[in-house]
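All of the numbers you see were taken from the coordinates with simple rules; none came from a lab. Note that the structure is predicted; figures quoted are calculated from it, not measured. Ideal geometry is used to build each Cβ from the backbone, glycine not excepted, and the neighbour counts take in all protein chains shown.
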Amino acid sequence: MPRHVKRQNALLYVLLVLMSLAVLFPLFLSLSVALQGPTVAPQFFPDFANLDVNVFRDVFVTEPNLPAWIVNSFIAATVITIGVLITSSLAAFALAMPGFGAKKLLFFVCLGTLMIPFEATIIPNYLFISSLGWRDSYQGLIVPFLASGFGIFLLRQYFLTIPRELFEAASMDGCTRIGYLWRILLPLSLPALATLAIYTFLGAYNAYYWPLLVTDNTAWRTTQVGITVFRNIEYQFFNTQMAANLIVMLPTLALLILGQRQLVQGLTAGALKG
Amino acid sequence: MNKKSISRRSLLKGIGFAAGAATLAACGGAAATPVAPTKAPESAAAAPSATTGAAAAAEPTATTAAAAPAATTVPPTAPPAPTITPVPLVEQPSGSTKIAFWYGLGGNLGNVVRQTANKFNQSQSKYYIEPVFQASYDDTINKINTALAGGELPNVVQIFDAGTQRMIDSKRIRPVQDLLAADGMSSFMDDLEPAVRSYYTVGGVMYSMPFNSSTAMTYINKKMFREAGLDADKTIWTYTELLDAAKKLTKKDGDAFKVAGLAFNPSGWFMEQQHAVHEQLMAEPDNGRKERAQKYVFNGETGVKWLEFLKQMIADGSGVNYGSGNPQAAFVTGQAAIHFDSIASLRGISSSAEKTGVEVGVAYMPRRDGAKVGRTIIGGASLWLTDAGTKEQQDGGWAFLKYATQTDTQGWWSANTGYYPVRQSSYETADMKQALDKYPQFRVAIEQIRSAPESVFNSGVISGTFVPMRQEVQKAMDAFWSGKAASAKAALDEAIAKTNEQLEEYNSTVSA
């Protein structure tokens, strides 16, 4: 290997190490604070001779529902993401295709929903879900988020960049519209779909106020709402809170690490072909 | 410093919730820690004094607090750590009536709430209280507001002080005072701590059951006080005296603080306390105590002087505004000699201070020079019984409220949390006597809320827009201390305009 390449590589690694330290810093700090026991003045490094590892057990003893919250969060966020991908791509396909009379108007209606703040619709949504008896249920957590004006907008704009000739050629070969969407348009739109999926999943996973409102039973909570139980009032002990944060973060982190290759491949594959 | 605090504040606001916010706050504490200057292993923090045992009961005198000897303190064998035992809930026995109980007090203190429910559930088998945590005090009242629009109210709910008027206005409350009268328990009202009773009595009716009550205190680093030649046992400080003390306590290394005289943050609660101490109204008429509050008036001399007092601290270079940062950590690590905090923080502060060797003392909230002695307001939360559910559920809810405020329950509750017992008779319990031995500072807190008779001033302001009002007061403090507002008066005038608009709007919706 030539020397200048070696030097470049070394530089690259130094940079990567620094970056990963920056990324890992919050995780390290959480772990450090979690292990220091109850104190309002945690040190940067814990006292290694005196680590309070029981904190992780205590978190589960206090809230045996913790694993259930993680499951709830994952199920809700995953179903919402799949739902949004389906509804958005179907709607965006319709809006991006010719021969649909009032489609411009409909598109603006979809855009219009983006202008209405979530806070304005939360009470009517709550009353509706409540009247259906959907509090404390997956339906209640999921259904109000199955369609997304932003998703429709994003995918429609992307679909419009794909040459019409593809559709004409496919039709000529006897491909139906749904067939075209499924076999040609969506595979070509992978980058946009991935963006939408990540955006939706994160939004749903981090949702706070809605899950708080529609769950009255501790077992139906999602993680974001559930772990507030570890936040101290009157004095700022952070140990149990940090331990709980780490616990609920691990599954997400594990999935990300396992799925990273596919995610990146999916993104770049689409980008190169598109 | 100001600029820094504010940018941290807006950053925190943006992040909003648990992981991020907690990480940052912890970061502030942790990053600051290595500078901790004074380690004093020989003076164990806040050890009980020998003189405190006898006079434990209901009427502690000024002398017991002042008598705490400095030199004779011994390190306690078991650290007086706050309850940190995790508390799983007991199972519901079959055939019992389930009663929904929402609460907003989280963390370690929330564990004691759960324990209270467990104790009640184990004391009888007819009813089962199911505590459901609702994320925070703020979120609890938000959930109640939403449920009022068309959901299901819980049978019992814990609501913070600031939500009192809103709960009364819901018209879905069963006033506790009526139920007490129906049960022939009028002596119960007499046994309540007067400051607590007067806080939760609005228009002559006590609507909710007092549960966890605290007040604001001045926390001082006793060792630093002695080293600076200041009286570490003095409980009443005037603004001038405290400015002077802060100057003496401040230690600097060039421009950087080694020890700040006073660490504080913009808190609407302390502003309310100042109005109570100086017997001034926050809102007219009568702080909303006799009839509905119509307008806020906190832009008078009391508010202005408080803001100017703290601004003077900054100007003197002896006070640091921590913004939304953490003055507790600074105090506990010896980076600040004085800070204002709730008495309910005493446990957490003491147990942390024990590790750093800081000796914790408390004093009353300061007052203007020559001001006559008024007292602070209690804060905290109370338990509300709603009209939701079956008669059986309501009876069960009422039984729980009575259980939670029994003399022995409140003694145990106070000993395990650091809140005041709401019953005066609770000071006679063994739990409470032991707690007072462990935390002699708590006596000063008791004296403080008994230092003046009840009045509309020290009952505290009450209004339907209490929460946004606090936020506006806080903004006014930020604006003045950071130099964005020309004067304290101008900053408070602006807050008055905004809060009165909110109040008018709220009042128009409830009277209609």
(message) Counting other beta carbons within 10 Å of each residue's own, what order do A:Leu193, A:Leu188, A:Leu141, A:Leu166 fall into, fewest first?
(response) A:Leu166, A:Leu188, A:Leu193, A:Leu141
(request) Write down, largest first, the equivalent ellipsoid semi-axes of region B:458-512 in whole Å, where each equals the square root of 5 times an eigenvalue of the alpha-carbon gyration tensor. (result) 24, 12, 8
(message) I need the fraction of alpha carbon pairs in the protein assembly as shown separated by more than 42 Å, rounded to a whole percent.
(response) 36 percent
(message) How tilted is helix A:66-96 with respect to the longest principal axis of chain A? Cα atoms for both, answer in degrees (0 to 90, nearest 10).
(response) 20 degrees
(message) Need the list of aspartates and glutamates near B:Lys305 for cross-linking: C-alpha distance under 19 angstrom, and skip anything on the same chain fewer than eight residues off.
(response) B:Glu241, B:Asp244, B:Glu272, B:Glu279, B:Asp316, B:Asp369, B:Glu472, B:Asp478, B:Asp493, B:Glu494
(request) Give the cross-link partners of B:Lys251 among the lysines, using a straight C-alpha distance below 18 Å as the criterion and excluding same-chain residues fewer than 8 apart. (result) B:Lys39, B:Lys222, B:Lys223
(request) Among the trypsin sites (Lys or Arg not before Pro) in region B:236-304, which ones are in a DSSP loop with at most 14 other Cβ atoms within 10 Å of the Cβ? Mind listing them? (result) B:Lys290
(request) Using only alpha carbon pairs under 8 Å that are at least six residues apart, calculate the relative contact order of region B:157-219 and give it in whole percent. (result) 34 percent
(message) Based on alpha-carbon centroids, what's the gap between region B:188-206 and region B:484-500 in Å, whole number please?
(response) 33 Å
(request) Using Cα centres only, tell me the gap between region B:339-390 and region A:175-232 in whole Å. (result) 42 Å
(request) With springs connecting C-alpha atoms under 10 Å apart, model chain A as a Gaussian network and identify which of A:Tyr208, A:Tyr126, A:Tyr180 has the largest mean-square fluctuation. (result) A:Tyr180
(message) Using the Cα centre of region A:119-209 as the reference point, and only Cβ charges (+1 on K/R, -1 on D/E), how large is the resulting charge dipole? Debye, rounded to the nearest 20.
(response) 40 debye
(request) Go from 0 up to the bin containing the longest alpha carbon distance in region B:136-176, width 10 Å each, and give me the % of pairs per bin. (result) 28, 65, 6
(request) Treating only the Cβ atoms of Lys and Arg (+1) and Asp and Glu (-1) as charged, compute the dipole magnitude of the protein assembly as shown about its Cα centre; round to the nearest 20 debye. (result) 2320 debye
(request) May I ask you to sort B:Met185, B:Met217, B:Met271 by Cβ crowding, counting other Cβ atoms within 10 Å and putting the fewest first? (result) B:Met185, B:Met271, B:Met217
(message) Using the crude model of +1 on Lys and Arg Cβ and -1 on Asp and Glu Cβ, and no other charge, please compute the dipole size for region A:161-274 relative to its Cα centre, in debye to 20.
(response) 160 debye
(request) For chain A, restrict the atom set to alpha-carbon positions and state the Rg and Dmax in Å. (result) 23.8, 75
(request) Report, in whole Å, the centroid distance computed from the Cα atoms of region B:224-271 and region B:408-455. (result) 27 Å
(message) Using Cβ counts within 10 Å as a stand-in for footprinting exposure, how do B:Phe257, A:Phe45 rank, fewest first?
(response) A:Phe45, B:Phe257
(request) Would you please calculate the Kirkwood hydrodynamic radius of region A:1-88 over all C-alpha pairs and express it in Å, rounded to one decimal? (result) 17.6 Å
(message) Need the list of aspartates and glutamates near B:Lys355 for cross-linking: C-alpha distance under 16 angstrom, and skip anything on the same chain fewer than eight residues off.
(response) A:Asp47, A:Asp52, B:Glu42
(request) Within region B:237-307, list the GluC sites (Glu not before Pro) lying in a DSSP loop whose Cβ has at most 16 other Cβ atoms in a 10 Å radius. (result) B:Glu291
(request) Could you tell me what percent of the DSSP beta bridges with both partners in the protein assembly as shown are antiparallel, to the nearest 5? (result) 65 percent
(request) Enter the angle in degrees (range 0 to 90, nearest 10) between the Cα long axis of helix A:149-160 and the first principal axis of the Cα atoms of chain A, meaning the one along which they spread out most. (result) 50 degrees
